[in-house]
Amino acid sequence: MAGINHLKQIKEKKGDDFLNNLLNNYVIINKKTDGTFFGMKKNKETDSFKYYKKAGEITYVDRMLMKYYNPAISHFEKLDKDKKQRIPSNFYFGFEYLTKKDSNSNNRIILSYIHRLDDEGKPIETFQSKQDLEKWAYYLGVDNPPILFEGMLDDNQKTKIL
């Protein structure tokens, strides 16, 4: 749901029935982080990585002028060759890149989700479960997602949320 960040907005835009149905599904609740979007995908032909900001691919010019994402990019460039080769080229990794130094974070890169892409680069599956993301975060040497809850909400939890 692009553009909707809070349950109050969901209720205003979609209505009570939609919100109640939403809370009756399997949910994953993440802790809000003070970061910016950073994405990474392996180029199938070259086995090198492409990097993304919210507005699109991070270009060479972006890297030279801005240097904002360079620590995150440097982390992935330093992965050993064997590890890089094992990363599927049809996976797009979405991260939160923390803008402030946080003592609880190793490298300020937090894995948020993984899209599995079709041959045209369109998402066909999204991995967001704690188990999947923790496995990949460990492999990539980044921080685990801040998942607070994963599962079905009971009636008491739904009441408190509403």
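Details
- Taking each residue of the range 142-157 that is within 30 Å of Lys83 (Cβ to Cβ) and looking for partners that are aromatic (Phe, Trp, Tyr) and not in a strand (DSSP E or B) with beta-carbon atoms closer than 7 Å, six or more apart or interchain, yields nothing.
- For Lys11: the one exception among (1) in contact with a Leu (Cβ under 9 Å, 6 or more places away or on another chain); (2) modelled with pLDDT of 90 or more; (3) not small (Gly, Ala, Ser): (2)
- Check on Asn21, open to solvent by 50 Å² or more (accessible area, probe 1.4 Å), more than 21 Å from Pro123 (Cα to Cα) and not in a helix (DSSP H, G or I): no
- Filtering the range 29-44 to residues that are part of a strand (DSSP E or B) and either at pLDDT 85 or above or open to solvent by 60 Å² or more (accessible area, probe 1.4 Å) (or both) leaves Ile29, Asn30, Thr36, Phe37, Phe38, Gly39, Met40, Lys41, Lys42.
- Test: residue in the range 113-126 that is open to solvent by 60 Å² or more (accessible area, probe 1.4 Å), under 26 Å from Asn24 (Cα atoms), in contact (Cβ under 8 Å) with a residue 12 or more places away in the chain and under 12 Å from the mean Cα position of the chain (by Cα): yes
- Of Asn43, Asn24, Asn107, all but one fail to be more than 13 Å from the chain's Cα centre (by Cα) and closer than 22 Å to Glu150 by Cα; the exception is Asn24.
- Boolean, Lys54 is in contact with a Phe, Trp or Tyr (Cβ under 7 Å, 6 or more places away or on another chain), open to solvent by 80 Å² or more (accessible area, probe 1.4 Å) and basic (Lys, Arg): yes
- Within the range 127-148, the set of residues being of a type in the set (A, V, I, L, M, F, W, C) and open to solvent by less than 50 Å² (accessible area, probe 1.4 Å) comprises Phe127, Leu133, Trp136, Ala137, Leu140, Val142, Ile147.
The values are calculated or read from the model by the stated rules, or taken from the named source; none is laboratory data. Since we're looking at a predicted model, the values are computed, not measured. Note that we place each Cβ from the backbone using ideal geometry, even for glycine, and neighbour counts take in every protein chain shown. Accessible surface is based on the protein model in full, side chains and every heavy atom, while ligands, DNA and RNA are left aside. Shrake-Rupley method; radii C 1.70, N 1.55, O 1.52, S 1.80 Å.
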